[in-house]
Structures are given as structure tokens and as C-alpha cells.
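J.: Please read through the structure below; I'll follow up with questions.
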Amino acid sequence: MADPFFNSSPSRLPIHWLAPVMLGCVLCLPVEALDYQFHGYAAQGYALSSGNNIFGDSTGGSLSYYEVGLNAQIQVHPRLLLAAQGAIRDAGATDSGVARLDYALMDYRIVSGADANAGIRIGKVKNPLGFFNETRDVIFTRPSILLPFIYSDNQNQRDLVFAAPGVQLYGSAVRGRHEWSATGTASADRYLNEVDEHLLVVLPVPSSIQMKDSWNGQIMDSIDGGRWQFAVSIYYARLVLNAQYPSVPPASIYGNFGVGVDVISARYNAERFSLTGEYAIGPNRDFVTLGGTVIQNFRIVADSGYLQGDYRINSRWSALARADAYFRDRGDRGGHAFAAANPGTSAASRYAYDLTAGLSWRPNARWGVWGEYHWIDGSATVQPLDNTGRVPADHWSTLMLMAGLRF
Amino acid sequence: MALLCAPLGALAGSIEVIVNPDHASATIDRNLLRAIFTMRLRQWPDGEPIQVFVMPDGSELSNEFCREQLGTFPYVMRATWDRIVFTGTGLAPTVVSSEREMRDRVRSTPGAVGYIRSGERSQLLPAQPNVLLAPLGGFWRG
């Protein structure tokens, strides 16, 4: 569990209480007040890589990567909105293709005005982290097929970061050229399911991991109608591991892992081009005891950042170029200290550099086709569960294609 | 039912914002316009839900409206609406297929707001004697 941008998997969390509450709200209001919409998306991907698998068996070419979602919003009153989205996504070992409730929330607007508004959301809500976490599963709304490293696309932190049951406060205020917005989320304590655990930690004995003290916040400034956008996002959670080691007598394994991700984001939008840069730093505190004896106690800080340029060639075609980097330990970016201390490991397993070039075609608002090529140096972001039995390649590349529909 | 046009003439733009006459007294400045069309504002001061109508992505009128009246780019507006829709935090605007449909829907929908090309107003006057034209240019402080 030492990877500071930790790993996880799909969420099927117990929010059974939410459905009757939402239904009750709807039934209590006059029918003529209802305003509702349905939207959805579907996209099929293709991955062809050399050296390492990504999102399935991509070294032989893989069509196993896809994403589908359907959502509904019901505005029962201008101040009260109910919304839910179901989604299915298959992305190799990191997403299983099992249907899940992506979000389901009740949004109550407390303050409503042209210059300021504020409200509260309750339910399973999306966590704002960087510019793209909230809509990361929709190809039409993310910056590329594969997200930059700060979003841990191939690690899957879905249950940890992407969305969570909890309470979210939000607000915005317009002051001159600036539109400030803020969101703060307190997530409920919860146990991870087996699949999620497996992506986090592999133990030969039954174990449980509970997420505690999880919260998230973001402040964003949008200037001149979005020409400039700046954001600061913070995420923190504590994971508590409990297991029994089958010794005689049995010894208890206890782990306490503090994980955080802080992101600063900046974007400049012009008529033809956009420039986007984001930097994330991920401190990770690991503390593990076996039978009361401390066997692991350290702190490690990962960081990652990218710079992406998008150029809109015309109303249908757009091109992108991106330089991206990730380091598991910002104090050992080259991985040499780690490799020296762990014989048999590769220094390249501690970092990843990715140069990306891409092209997209949007013939209309509903359809789109994307293609991109990644030249990657380093294996820090290679998903082990997609590469079982393989020695990670330090220099590798992947072609990603995707075709999508939205409505 | 009458249709109220807010031509925002002070901007010297070619687009007029139109609102349902129920809200003829609304003062529409750029902050309010942005709040409405980014779907941040859900209700008029009297509590009535705001119904937002827009032209399709990529249409000339939509592009001009975003640039001239909202002071932003069409793709930024699209990203804003997508973020709302795919995070469950609001409703997307209703897309109409023509300016005629825009006028009809805004006229017939309580709380509606949309936009048309300025020239359409005079062209429509003879055919649509019931349309009330009430310039609100003085309210605009673009």
C-alpha cells in the first residue's frame, strides 16, 4: 500500500436509504413542478500497446475497454434537484464492467442569485479534484482517452476518490471579472469491497479495509467567462486495515494509511487553442503492525504534473499534445535509491514520462472519434494486475482509439 | 401570449435575448445572463423556474451568442453544461432547432429565456402582431 496515488476499483456502496428519500420528495410535490431530463453516453475503445498491457490484453490489440452511462435529473423545485447516474465501464483489471450507481444525490439550493449561490448535496456525490475528476468517465468531457497521470487512470481509485456517499456544500460568487466557486465534501466512513481491496493490498489472509475521515475540497476561479481558470483541490482519507495472520497463536495485522492528493490547476482558453497544466502532490503515510510490533512505518510523497495544448483546427477537428510525468517518490525521482535498496527492482518502476499526441473528430454534438499515441518511459503507472507474469517494460507505447455517442 | 425581446442594443451586437413576458421587468445584465446560461441560476426572483433555450452547438447563432453576449467561447459553454449533466448538479439547457422554434418555445414556456438574431424582430413584426417588442437596452451594462 505504499503507492501514494493509491489503487482501488468500482464502487457499489450501500446507499439504499437514498432511493426512498428521493421518491418521497418527488411524490410530495405537485406534478406540474417537475422538470426532468435524461442523458447518456457510450464509447468503445481500442488499445494496441507494445511492452505492457493497459486496460486489458492490449499488447495483442484489445477492444475490452468501453464506458456506458445513463443519468436522470429531476428538478422538483427550483431549489431542489434529484439526480442519479448508472454506469458500466470495463478497463482491464481496474474496472470490471459491472453496473454501478455512479452518483445519486439530492441537491438543495439555499442561496440563489445572479451574483451568489450556495447549496448542499446529500447522497453519493462526485468529488471535484483537478479539472476532470468529476467527469472522468465520459470521453466527451475529459482531455484525452487516457487521463493524465495525476488522475491515476490505470490505477483506479474509484472507491477512494472519484465519488463517495456523503455531504457536499457548494457555493459561488461573482466579483467583477472573477467567478469564484467552492465545494467541500465530507464522505461517510465505509468498508471497501474485496475487489477494491485487491487493488490496494494483496494479503494471503482475509482482511478488511475501512475508509475513514475522508474529505475533499476545491476552490476555483474562473476569469472573464472562463478564459482563465484556476483551481486548488485537496483530498484526504485514512484507510484502516485489519487482518489475522495465521500463526500459532494468530497474530493480528493492523494498518493505518493516511493518503492525500493536493492538486493545483490552471487553464487558458483562447478561440483556437487551450493550454492546461496541473500538478498533484500525494503524501502517503504507512503504519503497519503485526502482533503489536511495528513492521512498517514511513512517509512517502509522490508527485505528478502535465502540460497539455489543445488546438481546434476547425469546428470538427481538434489536436492535442501533452507532456506528462509521475514520480512515486519525489525525493527519489530517478528511482536509483529505491533500486539500490531493493535489489532486483528497476529504477524505472518508480517513474513514468508520457509524451502524447492526439486527434479528435466531432462531426456533431452527439458523435465523436478520438485517437492518440503515447510514448512512455518508465513503468511506475503500469497496472500489475493487467500484466501478471510479465516483466514490466521500461520503454513502451500505446495507441488508443475511441468512438463515442452522447445524448 | 406576447414575447419580450431584450435586444441589449448598447452592446451593438447582432443577438437579442428574449424572455417570456411573465418576466418582462427582469433586469438583464451580463452577470445575470451568464448565471442563467451557465445554468447556475435556476429561478427568477419571483421563484418561477428559469427555462433556458439555446441553439445547437456549432450553429452560427449559438457561436455568436456565446462570444458577443456571454463573452466566452462556445466550447467553454459546452464544457460547463457537460460538467453539470454528468455530475448530476443541474439541468442542461433545451436545444431548439431553429430561431422560429426558439421564439415559439420562449413565448409559450413560463419562465423561458433564449436568444434570436436582432434582424428577426422587424421581419417578424408584420406576421406576428401579437409579439410585444420592449427594448431593454438600457438595462444592459455589457
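Values quoted throughout were computed directly from the atomic coordinates according to the rules given, and no laboratory measurement underlies them. Everything quoted here is computed from the prediction, not taken from an experiment. FYI the Cβ positions are ideal-geometry reconstructions off the backbone, even for glycines, and counts take in every protein chain you see.
J.: So how do A:Trp370, A:Trp375 line up by other beta-carbon neighbours within 10 Å, fewest first?
T.: Ordered by Cβ neighbours within 10 Å, fewest first: A:Trp375, A:Trp370.
J.: Here's a follow-up. Give the residue from A:Tyr353, A:Val288, A:Trp317 lying farthest towards the positive end of the charge dipole for the stretch A:270-353; charges sit on Cβ (+1 for Lys and Arg, -1 for Asp and Glu) and the dipole is referred to the Cα centre.
T.: A:Trp317
J.: While we're looking at this one, here's another question. For A:Glu134, which sequence-distant residues (separation of 5 or more, or a different chain) have an amide H within less than 5 Å of its own amide H, given hydrogens modelled in the peptide plane?
T.: A:Leu129
J.: While we're looking at this one, here's another question. So for the stretch A:130-270, averaging the separation of alpha carbon pairs under 8 Å that are six or more residues apart and normalising by length, what relative contact order in percent results?
T.: 19
J.: Can you run phi through the Karplus equation (6.51, -1.76, 1.60; θ = phi - 60°) for the stretch A:117-122 and list ³J(HN,Hα) in whole Hz, with x for Gly and Pro?
T.: After applying 6.51 cos²θ - 1.76 cosθ + 1.60, I find 8, 7, x, 9, 10, 10 Hz.
J.: Dividing the Cα convex hull volume of the stretch B:44-101 by residue count, how many Å³ per residue is that?
T.: 106
J.: Additional query: Go ahead and run the numbers for FRET between A:Val202 and B:Ser98, Cβ-Cβ distance against an R0 of 56 Å, rounding to 0.05.
T.: 0.40
J.: Give the residue from A:Ser208, A:Met400, A:Val76 lying farthest towards the positive end of the charge dipole for chain A; charges sit on Cβ (+1 for Lys and Arg, -1 for Asp and Glu) and the dipole is referred to the Cα centre.
T.: Farthest towards the positive pole: A:Val76.
J.: Given charges of +1 on the Cβ of Lys and Arg and -1 on the Cβ of Asp and Glu, with all other atoms neutral, how large is the dipole of chain A about its Cα centre, in debye to the nearest 20?
T.: 540
J.: So what is the relative contact order for chain A, in percent, with contacts set as C-alpha pairs under 8 Å and at least six apart?
T.: 16
J.: Other chains near A:359-369: what is the mean number of their Cβ atoms within 10 Å of each residue's Cβ?
T.: Other-chain Cβ atoms within 10 Å of each residue's Cβ, averaged: 1.
J.: Next question. Please state, rounded to one decimal and in Å, the Kirkwood hydrodynamic radius that chain A gives when every pair of distinct Cα atoms enters the mean of 1/r.
T.: 22.5
J.: Please average, across the residues of A:107-114, the number of beta carbons from any other chain that are within 10 Å of each residue's own beta carbon, and give a whole number.
T.: That average works out to 5.
J.: Suppose every K and R has +1 on its Cβ and every D and E has -1 on its Cβ; what is the size of the dipole of the stretch A:157-293 about the Cα centre, in Debye to the nearest 20?
T.: 260
J.: Under a point-charge model restricted to the Cβ atoms of Lys and Arg (+1) and Asp and Glu (-1), what is the dipole moment magnitude of the stretch A:281-407 relative to its Cα centre, in debye to the nearest 20?
T.: 480
J.: Still on this model: If each DSSP helix of 4+ residues adds -39,500 (n - 2.57) and the sum is divided by the residues in chain A, what number results at 222 nm, nearest 500 deg cm²/dmol?
T.: So the helix-based figure for chain A works out to -1500 deg cm²/dmol.
J.: Cβ neighbours within 10 Å, averaged per peptide: list A:37-43, A:130-136 in order, most packed at the top.
T.: Top of the packing list down: A:130-136, A:37-43.
J.: So how far, in whole Å, is the C-alpha centre of the stretch A:135-174 from the one of the stretch A:341-361?
T.: 22
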